[in-house]
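Notes follow once the structure below has been shown.
Every read-out reported here was derived from the displayed coordinates using simple, explicitly stated rules and does not represent laboratory data. Worth saying up front: this structure is predicted, and the values here are computed from it rather than measured. Using ideal geometry, Cβ is built from the backbone for each residue, glycine included, and neighbour counts are taken over all protein chains shown.
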Amino acid sequence: MVDLSQVIRSDIEASINAFEDNDFENMNIFANRSMANAIFGEDKKLILPGFLMKELAGIFGTLEARGKEQTAFSTAKTIGANYVSSLSKLLREKGFEENELWQKFHEVSLELRKFLMSTVEERTYKEDPEFTRYAFEWLVKYLEKKKETLFNPKNLLLKGILNDMDRIFRVYGGVLLDTHTISLVRALDRYYDYCRKAYSQSDGTLDKDGIAKTVFPFIDRIAGLSSSPSESQASIVNETLWELVKRWREFFLDYLELPRPRVEVERGIEIPEEAKRKITESVTKTLEKEVGVKKTPGR
């Protein structure tokens, strides 16, 4: 029988090596590869390392694009290096605990958030996890109340929710439940982007029944988790994440990479034009490497 855990460890080690080389593009690709390989089996916890490394790649890709001063970036890299080292050690253990992976990721997210803040934000805002918990509950309830907005093919509801969650966690911090919540909403957003493609009809509308059947149950589950945390919180999070990531990766097999929507979100710091150009080039290279697609000259 194939040992998928060994395959996943290899993918994560490749992602860690890319991190050490400041190659956050390939770090993300190898993290995606880890999740894609995890769905070949039934061990649901194997989905988590790739998901967390993908999140970390996003953080450091943003820091690099914003051109943070070298000292600050080096400090952030040291924090990230300690995390990926602990992750590597955990994955070498048989039967690693998902809860420990989540806790360590939550802790590193709290440490790294200050590097995503602007100078004014650092000088002005104080940690307020109680406000974050209150705001996240409000946002999840709003998502639950407005979920039929997802029938509109032009809506950006989930991305709007994520924009506010990212902003609030960045400046106020939060608790483990907040990290669980934002992670599930992010996974749901990736999945919903493909649902929008799969349930698109010839007249440009979306199949409402299809969206309701495939997306709404996850919103209800996230809402229940956020408003009533319990001893079964970790198992609910891991089960839900597994289902979302599995369906997202299966949709990738059907449709490959989707065009990225153009949306302005609050980023804390204005990204220079040169950095924007590099991000665009990075996205193109990622698509070429993962899918094998080449741009047509002159297009």
Check your understanding: Modelled label-to-label distance, Asp164 and Thr78, 7 Å Cα→beta-carbon offset: nm?
Key -> 3.8
Check your understanding: Want the number for Tyr134 to Ser235: 0.36 nm per residue separation, take away the alpha-carbon distance, what's left?
Key -> 34.1 nm
Study note, to complete from the structure: When Met53, Met117, Met165, Met1 are arranged by how many other beta-carbons sit within 10 Å of their Cβ, fewest first, they go Met1, Met117, Met165, Met53
**Study point:** Mean separation of Cα contacts under 8 Å (6+ apart) over length of the range 126-267, as relative contact order %
**Key:** 32
Exercise for review: Evaluate the distance, in nm, between pseudo-label points positioned 7 Å from the Cα of Leu156 and of Glu250 along their respective Cα→Cβ axes.
Suggested key: 3.0
Exercise for review: Apply 1/(1 + (r/R0)^6) to the Cβ-Cβ distance of Lys141 and Met1, taking R0 = 41 Å, and write down the FRET efficiency to the nearest 0.05.
Suggested key: 0.35
**Study point:** Residue-span extension gain [Glu42 to Gln70] - 0.36 nm each, minus C-alpha spacing
**Key:** 5.8 nm
Exercise for review: Quickly work out the Glu13-to-Asp203 label distance, labels modelled 7 Å from Cα along the C-beta direction, and quote it in nm with one decimal.
Suggested key: 5.6
Check your understanding: For the chain, what's the relative contact order in percent, using C-alpha pairs closer than 8 Å and at least 6 residues apart?
Key -> 21
Review point. How large, in Å, is the range 126-267 by the Kirkwood hydrodynamic radius built from its alpha-carbon pairs?
Key: 15.7
Check your understanding: Of the peptides 150-159, 122-131, how do they stack up when ordered by the mean number of other Cβ atoms within 10 Å, highest first?
Key -> 150-159, 122-131
Check your understanding: Sorted by packing (mean other beta-carbon atoms within 10 Å per residue), highest first, where do 75-88, 246-259, 180-193 land?
Key -> 180-193, 75-88, 246-259
Revision key, fill the gap. If Ser235, Ser202 are placed from fewest to most neighbouring beta carbons inside 10 Å, the sequence is Ser202, Ser235
Exercise for review: Could you give the spread of the C-alpha atoms of the range 39-123 along their three principal axes, from largest to smallest, in whole angstroms?
Suggested key: 46, 21, 19
Study note, to complete from the structure: Residue span Tyr125 to Glu97: 0.36 nm per residue of separation minus Cα-Cα distance leaves a gain in nm of 6.6 nm
Practice item. With no solvent and one equal point scatterer per Cα, compute the Debye intensity ratio I(q)/I(0) for the chain at 0.13, 0.14, 0.16 Å⁻¹ and report its log10, rounded to two decimals. Key: -0.99, -1.18, -1.59
Review point. For Leu258 and Glu148, what does the FRET efficiency come to when R0 = 22 Å and r is the distance between their Cβ atoms, rounded to the nearest 0.05?
Key: 0.45
**Study point:** FRET efficiency for Ser88 and Ala212, using Cβ-Cβ distance with R0 set to 45 Å, rounded to 0.05
**Key:** 0.60
Exercise for review: Place +1 on the Cβ of every Lys and Arg and -1 on the Cβ of every Asp and Glu in the chain, take the dipole about the Cα centre, and give the residue among Leu52, Ile29, Phe40 whose Cα lies farthest towards its positive end.
Suggested key: Ile29
Study note, to complete from the structure: Flagged as over-length at 18 Å C-alpha distance, from Lys44/Lys147; Lys77/Lys114; Lys141/Lys246; Lys44/Lys246; Lys54/Lys213; Lys159/Lys197, the pairs are Lys44/Lys147; Lys141/Lys246; Lys54/Lys213
